[in-house]
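The values are calculated or read from the model by the stated rules, or taken from the named source; none is laboratory data. For clarity, every value in this text was computed on a predicted model and none was experimentally measured. Backbone-built Cβ (ideal geometry, glycine too); neighbour counts: all protein chains shown. For accessibility, only protein heavy atoms count, side chains too; no ligands or nucleic acids. Shrake-Rupley method; radii C 1.70, N 1.55, O 1.52, S 1.80 Å.
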Amino acid sequence: MIAPQKIIDGLFQDRDIIAERLYNFAVDSTSKFENNNPDGIYDDNISNSQTAAANLHSARTQKTGDIGTRIGGTTAKDNARTSIEKYLAIQILAAAVAFGGKQTPNFKETYPNGMESFYKVSKENFSINVEVLIVKALKFVDILGIPFKTTITSMFDTYSNANDTQIEAVSDVSTDITLEKAAALVLADQLTDNLCDVGHYNRRSKTALDTYFDFSLLYPAKQKEIHKGKPASHTETEVCGIEYSDGKRTHIHNQGAAILIFGMKLNGVKVGETFTLLPDQKANLAFKDYFSNGTSIYVINNTEIAGMFQLDIIF
């Protein structure tokens, strides 16, 4: 029996159901409701689902756009900072000549730490150090020249604007994520209502779920490794090496006339449970059904005839 609290909490509250798949599932399901709506009993379900799905789509679109703005702002900020660093690396040599050497008081006042004030420092310290340099460029404008003051001021304005844009975009994305989660929750609740209503109107139906819902859309497509074998009589054979995970499963079909035994090994040592399959028998087993860890799966054929099987690993 499903836990009653699960229905109250919402049947679509699953961390593996991401917003994109929830939206696609809702759009597909709503279309199915529209095509199977006897006497308009699902009119409210359809209308509410369309509204909730549209709101989630809008939230996702806004987030995607703001993420692009954030990435663009970060790139612009980084490029602007690199341009300043390259410019100052050249101008510091000109400043040393203009001041009469790097050991003069005026040069030390302008570049107290040389280029170390600008390379590999935090963005906060970078901004402070450039702002201080601009003040010195104004103080010593007769020595360093107006073009230097004008250029570094302009370059820093470009950097500051890009930095402000990036900071704003980061804040926007954070807000977008919160709004997307809220919109997804509303849609998930509506889908729970839809599922309960289908159950109400189609009690004990064997086809209603497939008529109105395609649950495969909620989760990523599963991947499959296929392993086939024909173990000779009185042999123990390794089926395949594995990368263990509790969530992986083995689908086994004994396709021959021999009785086959399947098990797991950890670094060549047999561990855990074994499973015996009669001819034409199938088994659906999680890795954890065998043991808590393993590196390979093996098969034993103790009969007088050769066996045949297919073992699929689903993950």
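Some observations on this one:
- From the coordinates shown, Rg/Rh (Cα atoms, Kirkwood Rh) corresponds to which of [x] 0.98; [y] 1.26; [z] 0.95: [y]
- Each residue was assigned an accessible area with a 1.4 Å probe, and for D164 the value is about 90 Å².
- In segment 198-315, the alpha-carbon atoms span a convex hull of 129 Å³ per residue.
- Computed Rg/Rh of segment 122-264, alpha carbon atoms with Kirkwood Rh: 1.38
- Three-way shape call for segment 262-305 based on the alpha-carbon gyration tensor, with the a/c threshold at 1.5: oblate
- HN-Hα J in Hz across segment 292-298 - Karplus 6.51, -1.76, 1.60, θ = phi - 60°, x for Gly and Pro: 7, 6, x, 10, 7, 10, 10
- In a reduced charge model with +1 at each Lys and Arg Cβ and -1 at each Asp and Glu Cβ, the chain shows a dipole moment near 1060 debye about its Cα centre.
- Whole-percent carbon and sulfur share, accessible surface of segment 1-81, 1.4 Å: 48 percent
- Separation of segment 102-131 from segment 190-217 is 67 Å, based on Cα centroids.
- Accessible solvent surface per residue of segment 41-139, calculated while the other protein chains remain in place, 1.4 angstrom probe, Å²: 55 Å²
- Apportionment of accessible area to carbon and sulfur, segment 239-303, percent (1.4 Å): 48 percent
- Taking amide hydrogens as placed 1.01 Å from N in the peptide plane, the amide H of L260 sits under 5 Å from those of L277, each at least 5 positions away in sequence or on another chain.
- Rolling a 1.4 angstrom probe over the protein heavy atoms with all chains in place gives segment 243-287 an accessible area of 52 Å² per residue.
- Against the chain, whose longest principal axis comes from its Cα atoms, helix 43-99 is set at around 40 degrees.
- The local environment of T69, defined by Cβ-Cβ distances under 10 Å, has a net charge of -2 under the rule Lys, Arg +1 and Asp, Glu -1.
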